[in-house]
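The structure appears below as structure tokens.
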Amino acid sequence: MSRRSLLRGFGGAAAASLLAAGCGVPAAYVDEGDRAARDLSARDRTLDFANWPLYIDTDDEDARKRPTLDAFRKRTGISVRYTEEINDNDEFFGKISPSLMNHQETGRDLIVVSDWMAARFVRLGWAQEMNRATQPNVTEHLDPQLRSPAFDRGRLHTVPWQSGITGIAYNRRKLGREIRSTNDLWADDLRGKVTLLSGLDESFALLMLGSGVDVTRWKGDDFHALCEKVEGLVKSRHIRRFTGNDYIKDLSTGDVLACQAYSGDVIQLQADNPDIEFVVPEEGAELWAESLLIPNLARHKTNAEKLVDHYYEPEVAAELAAWVNYVCPVPAAQKVLADSGDEELVALAEDPLIFPDTEMRGRLAIARDITAQERQEFAKRWNAIVGL
């Protein structure tokens with residue numbers, strides 16, 4: 001099961017989100033001063049944390065136990081009601097947006113959504129500012145490259161849970177050559193053997209980078225030029241299909257030889273098939289994050305802030321990184337793994353897909369988010385191309 005989502009069409013949840021984002025419902029926005037509820041943290045030592053499936057460490061002998069959460073409870077006395085209820089960004093948004101739009105609590109103190117969705121929460125004023133004075137680990141250890149995205153300058157309302165790279169995966173043995181550039185995907189020997197991600201937010205940045213676009217400041221014309229290129233590749237049947245996380249199966253069986261892929265997925269694939277390689281193209285790849293935020297009217301805000309800071313302690317971040325295998329947003333965790341004395345953990349510390357080195361970081365970019373005004377037009381065109 002994927003730890004990354006895809007945009008599942010331009011249906012009800014997506015349409016509702018656009019409406020809330022400013023297309024006819026101005027009252028949806030909540031001012032900063034109206035976002036907090038009475039904080040019950042001091043007397044009620046609990047919090048509700050909603051996350052994606054398979055996105056936290058579990059005990060090797062009992063999958064119901066989560067060691068890093070257990071350590072937090074022992075350290076602070078705060079119990080965490082942890083639910084794996086987020087399977088799709090838009091679906092989850094549709095689930096809790098009626099409460100937030102009507103200025104009601106969601107029943108959740110902490111959630112994890114992809115940064116393009118976190119941008120929507122921030123624009124709407126549906127995420128509370130965190131108190132960094134109580135989060136010294138976040139202040140000290142947050143990856144500098146993730147500190148100030150365009151949608152949340154200074155990371156006042158969000159904190160990365162995990163990060164990752166959207167690049168290219170390919171079977172080097174079956175292809176018989178290396179892939180170094182996104183443009184290598186369009187070579188004749190890959191006709192009908194390439195897949196791209198179907199989700200607009202997940203796919204566009206890597207493809208724009210391949211065309212030499214600065215994705216931190218791309219424009220509408222760049223998007224439409226990209227669509228024209230992809231339309232041509234679809235018509236010529238160069239692109240086999242557009243996928244969600246099922247690209248993993250296609251790549252494993254050999255039905256495709258190269259595809260857009262997420263770094264964390266490929267690390268797991270390589271354990272079974274060392275012929276699978278992941279590439280950060282010469283012209284660049286997208287660095288993304290899925291972030292923690294505290295929704296409006298959360299009843300245990302202080303407890304939630306303490307849990308966020310707990311995961312930014314390097315030892316805790318290292319334990320989580322060793323399990324999920326995505327880019328760790330706490331670079332200091334690398335030394336913890338390197339000094340562990342465990343051969344497998346030391347290998348993870350040396351893996352640039354978990355701790356990117358300086359050379360790789362130079363090729364990673366965080367794309368400008370699609371604005372609320374752009375989304376309806378762009379999603380309609382993209383979804384027509386990919387068949388959503």
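Each reported figure results from applying straightforward, stated rules to the coordinates on display, with no laboratory input. Keep in mind it's a predicted model, so treat the numbers as computed, not measured. A quick note on method: Cβ atoms are made from the backbone with ideal geometry, for glycine too, and the neighbour counts reach across all protein chains shown.
As an equivalent ellipsoid, segment 297-353 spans semi-axes of 27, 10, 8 angstrom, where each value is the square root of five times an eigenvalue of the C-alpha gyration tensor, largest first. Based on every Cα atom in the chain, Rg and the maximum pairwise Cα distance Dmax equal 20.7, 65 Å.
Label sites at Glu315 and Arg75, each approximated as a point 7 angstrom past Cα along Cα to Cβ, lie 0.8 nm apart. Each eigenvalue of the Cα gyration tensor of segment 183-326, multiplied by 5 and square-rooted, gives one semi-axis; in descending order these are 33, 21, 13 Å. By DSSP, the beta bridges lying fully in the chain are antiparallel in about 60 percent of cases. From its DSSP helices (H runs of at least four residues, each -39,500 (n - 2.57)), the chain gives a residue-normalised ellipticity at 222 nm of -11000 deg cm²/dmol.
With a Förster radius of 30 Å applied to the beta-carbon distance between Thr371 and Lys174, the computed FRET efficiency rounds to 0.15.
Taking Gln162, Gln268, Gln260 as the candidate residues, the one with maximal mean-square fluctuation in a Gaussian network model of the chain, Cα springs under 10 Å, is Gln268. Amide H to amide H distances under 5 Å link Leu292 with Val159, Trp161, where only residues 5 or more positions off or on other chains count and H is placed in the peptide plane.
Label positions at Glu140 and Leu156, each projected 7 Å from the Cα along the C-beta direction, are separated by 2.5 nm. For segment 264-342, averaging the sequence separation of C-alpha pairs within contact (under 8 Å, six or more residues apart) and dividing by the residue count gives a relative contact order of 27 percent. Residue-wise HN-Hα couplings along segment 365-381, as the Karplus relation 6.51 cos²θ - 1.76 cosθ + 1.60 with θ = phi - 60° gives them from phi, are 9, 9, 6, 4, 6, 6, 6, 4, 5, 7, 4, 4, 5, 5, 5, 4, 5 Hz; Gly and Pro carry x. The distance linking segment 63-111 with segment 144-186 is 26 Å (Cα centroid to Cα centroid, whole angstrom). Taking Cα centre as origin and charging only the Cβ of basic (Lys, Arg, +1) and acidic (Asp, Glu, -1) residues, the dipole magnitude of the chain rounds to 1080 debye.
The overall shape of segment 343-388, judged from the alpha-carbon gyration tensor, is prolate: a/c is not under 1.5, and a/b is greater than b/c. The trypsin sites (Lys or Arg not before Pro) found in segment 166-214 that occupy coil by DSSP, while having at most 13 further C-beta atoms within 10 Å, are Arg177, Arg180. Quick one: compute the contact order of segment 230-388, relative version, from alpha carbon pairs under 8 angstrom and 6+ residues apart, as a percent. The value is 24 percent. Once you have a ≥ b ≥ c as the square roots of the Cα gyration tensor eigenvalues for segment 264-369, tell me rounded if a/c is under 1.5, and otherwise prolate or oblate according to whether a/b is larger than b/c. Verdict is oblate for segment 264-369. Shown here for segment 207-270: trypsin sites (Lys or Arg not before Pro) in loop regions (DSSP other than H, G, I, E, B) with at most 12 other Cβ atoms within 10 Å, namely Arg217, Lys219, Arg237.
Around the amide H of Arg108, modelled in the peptide plane, lies no amide H under 5 Å away from a residue 5 or more places distant or on another chain. Just want the answer: with Cβ charges of +1 for Lys and Arg and -1 for Asp and Glu, which residue in Leu297, Gly362, Leu175 is farthest toward the dipole's positive end in the chain? Looking along the dipole axis, the top candidate is Leu297.
When you filter the GluC sites (Glu not before Pro) in segment 333-382 for DSSP loop state and at most 16 other Cβ atoms inside 10 Å of their Cβ, you are left with Glu350. Largest GNM mean-square fluctuation across Leu197, Leu206, Leu146, computed for the chain with C-alpha springs under 10 Å, falls on Leu146. Relative contact order for segment 84-221: 15 percent, from Cα pairs under 8 Å spaced at least 6 residues apart, divided by residue count.
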